[in-house]
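Okay, structure first, notes after.
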Amino acid sequence: MARSSSIQSEPAVQNSFVRAALGLEKLRGIYDSIAAHYDVEHGLITAWADQRGRELLVETAVKEGDAVLDCGSGTGTTALMAARKVGPKGKVVLFDLSEGMLAIAREKAARKGLTERLTFQSGDMVHLPFANDSFDVVLSTYSLCPLYDPKKGALELYRVARPGGLIGVAHS
């Protein structure tokens, strides 16, 4: 697949079985409002399979010294695991639409003493503000499905992963 900064996506298929995508501001508002209790609620909804998925991705894909993007990082659970694994020579970027979710992630990072390995940035996953081939590992856990254009989001993950890098996606 050739990489392009102007990837075109096909229109989403709409039928009675597919929900309409939520707008960007609506989605941001939802995640901002649930940030404080997201970890517990998502854990319960997935019977804690979400945690097992995160652990599997980090264990399999991340190694010491890597530059990692956690796209749709939410409260930082995956990114914090990755930050421990990349060690002091690595870096992890937490990227999320919701400033509320990133605020929780910053608090968790400070409690665990991992802030120096992390960068926090908010924005739209469908339009990542990173250059092509920027990361050794790109992770996205439980964040592609609510996007208004999941295909474009997945193509963006591919675009920012370096050639030979890894992309890890978990979905419950």
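If the chain between HIS127 and ALA36 were fully stretched, how many nm would it gain, using 0.36 nm times the residue separation less the Cα-Cα distance?
30.2 nm
Can you tell me what share of the DSSP beta bridges in the chain is antiparallel? A percent to the nearest 5 is fine.
0 percent
Taking amide hydrogens as modeled 1.01 Å from N in the peptide plane, which residues meet the under 5 Å criterion relative to VAL93, leaving out close sequence neighbours?
VAL68, LEU69, ASP70, THR119
What does the highest-first list of 75-81, 35-41 look like by mean Cβ count within 10 Å?
The densest-packed peptide leads the list: 75-81, 35-41.
Considering the chain as a Gaussian network with a 10 Å cut-off on Cα pairs, which listed residue, LEU22, LEU97, LEU157, attains the greatest mean-square fluctuation?
So, out of LEU22, LEU97, LEU157, the one fluctuating most is LEU22.
Straight-line reach only, C-alpha to C-alpha below 17 angstrom: list the lysines that LYS108 could link to, leaving out same-chain residues fewer than 8 apart.
Cα-Cα hits under 17 Å: LYS85, LYS91.
At a 1.4 Å probe radius, carbon and sulfur cover how many percent of the accessible area of the stretch 75-172?
Taking all protein chains in place, the stretch 75-172 shows 56 percent carbon and sulfur surface.
Tell me whether the stretch 23-172 comes out rounded, prolate or oblate; compute the Cα gyration tensor, take square roots of the eigenvalues as a ≥ b ≥ c, and use a/c under 1.5 as the rounded threshold.
Working: a/c = 1.40, a/b = 1.13, b/c = 1.24.
It is rounded, given that a/c, with a ≥ b ≥ c, falls under 1.5.
Quick one: Karplus J couplings for the stretch 71-78, per residue in order, coefficients 6.51, -1.76, 1.60, θ = phi - 60°, nearest Hz, x for Gly and Pro?
So the J values, rounded to whole Hz, are 9, x, 5, x, 7, x, 4, 5.
Applying the Karplus parametrisation 6.51 cos²θ - 1.76 cosθ + 1.60 with θ = phi - 60° to the phi angles of the stretch 111-117, what ³J(HN,Hα) value in whole Hz is obtained for each residue in order, glycine and proline being reported as x?
With coefficients 6.51, -1.76 and 1.60, one gets 4, 8, x, 10, 4, 5, 8 Hz.
Which ³J(HN,Hα) values in Hz, rounded to whole numbers, follow from the phi angles of the stretch 128-140 under the Karplus curve 6.51 cos²θ - 1.76 cosθ + 1.60, where θ = phi - 60° and Gly and Pro get x?
Rounded to whole hertz, the list is 5, x, 10, 5, 3, 6, 7, 10, 5, 9, 10, 10, 8.
Based on the Cβ-Cβ distance of LYS89 and CYS145, what FRET efficiency does E = 1/(1 + (r/R0)^6) give at R0 = 25 Å, to the nearest 0.05?
Working: r = 33 Å, r/R0 = 1.33.
Calculated transfer efficiency: 0.15.
Name the residues whose placed amide hydrogens come within less than 5 Å of the amide hydrogen of ALA170, ignoring near sequence neighbours (fewer than 5 apart) on the same chain.
Under 5 Å from the amide H of ALA170: SER140, THR141, TYR142.
If you find the alpha carbon centre of the stretch 118-162 and of the stretch 72-116, how far apart are they in angstrom?
First find each Cα centre; the distance between them is then 15 Å.
With each pseudo-label sitting 7 Å past Cα toward Cβ, what's the TRP48-ALA103 distance in nm, one decimal?
Result for the modelled spin labels: 2.9 nm.
Under a 1.4 Å probe, what is the accessible area of the chain per residue, stated in Å²?
51 Å²
Could you sort THR119, THR46 by their accessible area in this structure, using a 1.4 Å probe and putting the largest first?
Sorted descending by solvent-accessible area, the residues read THR119, THR46.
The values are calculated or read from the model by the stated rules, or taken from the named source; none is laboratory data. All of these numbers come straight from a predicted model, not from anything done at the bench. A quick note on method: Cβ atoms are made from the backbone with ideal geometry, for glycine too, and the neighbour counts reach across all protein chains shown. What goes into the accessible areas is simple: the full protein's heavy atoms, side chains included, and nothing from ligands, DNA or RNA. Shrake-Rupley method; radii C 1.70, N 1.55, O 1.52, S 1.80 Å.
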